[in-house]
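Right, one structure below, let's go through it.
The values are calculated or read from the model by the stated rules, or taken from the named source; none is laboratory data. Predicted, not measured: the structure shown is a model, and the values here were computed from it. Every residue, glycine as well, gets a Cβ built from its backbone with ideal geometry; the counts of neighbours run over all protein chains shown.
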Amino acid sequence: MNSPDVDDALFWDLAEPLLGAGAERSTMMGFPCLRIAGAFFASVERRSGDLIVKLPESRVDELIDNGSAEPFAPNGRRFREWALVPGRDEEQWEGLMNEALAFATET
């Protein structure tokens, strides 16, 4: 599932404990991703390797407003409950992936 030209190693390293907790590898719109009980919650942007997470819309807005994330808008259409998180901040990614997992299991 890994694209040879995308640096997605951090994503998959952080995914290991989530996979052990019942998450599964999958694809969403061609993006490598994680899902649990059929719900997608974290992914890797296939060109940049940036993190994409599904969170409550208010949390996504907060991340965008404080500069931690950008709107996830493939093909120009914003997905309100999805945030694109650039950079490679392991602690931030780990926290957001866990938040996304919790959100996926409560909705």
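For a quick check of your reading of the model, give me the residue pairs whose first member lies in segment 14-38 and is at positive phi, whose second is at pLDDT 95 or above, with beta-carbon atoms closer than 6 Å and at least 6 apart or on different chains. Pairs found: GLY22/ILE36.
Pairs are defined by a Cβ separation below 8 Å, a sequence spacing of at least 6 or placement on different chains, a first member in segment 43-69 that is more than 12 Å from PRO86 (Cβ to Cβ), and a second member that is among the polar types (S, T, N, Q) and surrounded by fewer than 19 Cβ atoms within 10 Å (Cβ to Cβ); the pairs so defined are ARG46/SER3.
You will find that of GLU16, GLU45, GLU91, GLU62, the residue that is under 22 Å from THR107 (Cα atoms) and of a type in the set (D, E, K, R) is GLU62 and no other.
Considering only segment 45-53, I want to know if a residue exists there that is of a type in the set (Val, Ile, Thr) and over 17 Å from GLY95 (Cα atoms).
no
Inclusion of PHE72 among residues that are of a type outside the set (D, E, K, R) and either surrounded by 17 or more Cβ atoms within 10 Å (Cβ to Cβ) or in contact (Cβ under 8 Å) with a residue 40 or more places away in the chain (or both) is warranted. Quick check on VAL60: is it at pLDDT 95 or above, among the β-branched types (Val, Ile, Thr) and within 20 Å of THR27 (Cβ to Cβ)? The answer is no for VAL60. Looking only at segment 1-56, filter to residues that are part of a loop (DSSP other than H, G, I, E, B) and charged (D, E, K, R); which one of those is surrounded by the fewest Cβ atoms within 10 Å (Cβ to Cβ)? Selected residue: ASP5.
Residue pairs whose Cβ atoms lie under 8 Å apart, sitting 6 or more positions apart in sequence or on different chains, and linking a residue in segment 90-107 that is exposed (fewer than 15 other Cβ atoms within 10 Å of the Cβ) to a partner that is not in a helix (DSSP H, G or I), are THR105/ILE36; THR105/ALA37; THR105/ALA39; THR107/ALA39.
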